[in-house]
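Written out below as structure tokens is the structure these notes cover.
We did not get these values from a lab; they are worked out from the coordinates using the rules stated. It should be emphasised that the depicted structure is a prediction, and the values quoted were computed from it without experimental measurement. Here Cβ is always computed from backbone atoms with ideal geometry, including for glycine, and neighbour counts include all displayed protein chains.
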Amino acid sequence: MDVPIDRRGPQPQLPKGAKLYLPEEAAQKRRVEERLLGVFRRWGYREVVTPAYEYFDVIAQGTDHDLQERMFKMVDRESGRLLALRADITPQIARIVATRMRDEPKPLRLAYVSNVFRYDEPHVGRYREFYQAGVELIGLPNPEGDAEMIAMTVEGLQALGLERFQIDVGQAEF
């Protein structure tokens, strides 16, 4: 019986839920990020880069319990404190604004494109590490802030080449 020989050599296996971006995919991913950041900048948003991991007790503040349960956690060898990979960027931005940027004039317009990590069961097209692009508008009252978000969303989707899309608007209190 002939057994085919794989001349590429052994293929390293990635952890469950991890994704590798080969050159074509990496270039496409970078184009998407650059287009979105371009739209964000045109609207006056400044980019922030948050740490991929922080102390769990700090990063958990402002994060709902369900998401805390889905964070990747590890122990800091030096301090013995529990660390966690970020599962969402919004709570980090809220803490940064409340501590490091509290005296800056409002409204604040902040943007980010970064990876986040969630210990979810992977499905087709869903990974444990994925990328989140977003903006946070702090200090501009409704409805002006809502209108800005909707208009920027439309512009961002169009910058990505989407022609047909639907935007659903909700209110957290409902």
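Axis of helix 144-159 versus longest Cα principal axis of the chain: the two differ by about 40°, to the nearest ten degrees. With distances taken between every two different alpha-carbon atoms, the range 62-136 has a Kirkwood hydrodynamic radius of 14.2 Å. Comparing Ala84, Gln68, Thr99 along the charge dipole axis of the range 64-105, the residue lying farthest to the positive side is Ala84, per the Cβ-charge model. Which residues among the range 75-93 fall inside the zone where the amide N is under 11 Å from a point 7 Å beyond the Cα of Gln132, along Cα→Cβ? Answer for the range 75-93: 86-93. Here the Gaussian network model covers the chain, with springs between Cα atoms less than 10 Å apart; of Gly44, Gly145, Gly80, Gly80 fluctuates the most.
Subtracting the Cα-Cα distance of Tyr119 and Tyr21 from 0.36 nm times their residue separation leaves 33.3 nm of extension gain. Around the Cα centre of the range 89-174, unit charges on the Cβ atoms of Lys, Arg, Asp and Glu (plus for the first two, minus for the last two) sum to a dipole of about 340 debye.
Placing +1 on each Lys and Arg Cβ and -1 on each Asp and Glu Cβ, with no other charges, gives the chain a dipole about its Cα centre of roughly 560 debye.
Among Asp66, Asp88, Asp146, the largest mean-square fluctuation in a Gaussian network model of the chain (Cα springs under 10 Å) belongs to Asp66. Bridgeable lysines around Lys29 (alpha carbons under 30 Å apart, same-chain partners fewer than 8 residues away excluded): Lys16, Lys19, Lys73.
Share of pairwise Cα-Cα distances greater than 22 Å in the chain is 58 percent (whole percent). Taking the Cα centre of the chain as the origin and placing charges on Cβ (Lys, Arg +1; Asp, Glu -1), which of Leu37, Ile167, Ala27 is farthest toward the positive end of the dipole? Positive-most Cα among the choices belongs to Ala27.
Simple point charges give the picture: +1 on the Cβ of Lys and Arg, -1 on the Cβ of Asp and Glu, and for the range 11-95 a dipole about the Cα centre of about 340 debye.
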